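The values are calculated or read from the model by the stated rules, or taken from the named source; none is laboratory data. Remember, predicted model here, so these are calculated numbers, not experimental data. Ideal geometry is used to build each Cβ from the backbone, glycine not excepted, and the neighbour counts take in all protein chains shown.
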Amino acid sequence: MKRVLNITIRSIIIILFVGLSTSYVTKKESKTYSNSINNNVNLSMMALKLDEIISNDIYSAKDTYTGDLTGYVYNCPLCNGHLGCMYRYDITDGKTTYDDETYGTVRIVASSSNLPCGTIVRFNKSFVSSKPVIAIVLDRGVRGNALDLLSSDINYALNLGRSVITYDVLREGWGKDEG
C-alpha cells in the first residue's frame, strides 16, 4: 500500500510539474509572440520614419543628370553682366556665389530651361573643389543638361575647360521663401 501511495504521489507530482511547465511555456511563447509583433510594428514605424527623414533631407538627390561642365565669366562675348534668373543680382564685381536661405553660400551656374531657376545641384569636380560643389541655377544660355559655372576671371574659366560630369538635383526650383 505504501508503494502504491508513493507511486501515486510521484504521479501527481509529475502531472503537476508537466502541467505547470506546459502553462509556463505557453505563457512564455505568447509573450515572445507579442514581443515579436511589437518589434515588427516598431521596425515598420522606424522604417517609415527613416523614409520620411531621407525624403526631407536637403542633401538627398531628387534626380541625377549627366552633361558638360564649362566655365564662364560675367563679361563673356555673349554675356551682358546680368543673370537670366535674377537680372538685378550684381555679378560685375566678380561675385560667383549666392547666399541661399536653405543651402547657405553656393556657387552660381547657368543651365538650360530644363532646370528651373533656383534649382540646387551638387557635383564633384576636383579643379573646382576637393569637396562636392553645391550650386544654384541663376543663369541661362546653355543647352540640354550642360552646366556653366560662373567664374571670377577668364583664366579660371578657361582652365576649367569642358568635361562631362554627373550632377544631382537637390532642390528643383526656388524654395518657398526665395525667388
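Tabulated data
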read-out	value
Of residues in the stretch 103-114 being surrounded by 14 or more Cβ atoms within 10 Å (Cβ to Cβ) and in a loop (DSSP other than H, G, I, E, B), the one nearest to the chain's Cα centre (by Cα)	Tyr103
Among (1) more than 25 Å from the chain's Cα centre (by Cα); (2) assigned to a strand (DSSP E or B); (3) not β-branched (Val, Ile, Thr) - the single one Leu78 does not satisfy	(2)
Test: residue in the stretch 82-98 that is within 29 Å of Arg162 (Cβ to Cβ), modelled with pLDDT of 95 or more and within 16 Å of the chain's Cα centre (by Cα)	no
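For every residue, the table says whether it meets (1) over 20 Å from Tyr89 (Cβ atoms); (2) surrounded by fewer than 13 Cβ atoms within 10 Å (Cβ to Cβ); (3) touching a residue at least 12 places away in the same chain (Cβ under 8 Å).
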residue: Pro116; (1), (2), (3): no, no, yes
residue: Asn124; (1), (2), (3): yes, no, yes
residue: Ser130; (1), (2), (3): yes, yes, no
residue: Val137; (1), (2), (3): no, no, yes
residue: Arg143; (1), (2), (3): yes, yes, yes
residue: Asp148; (1), (2), (3): no, no, yes
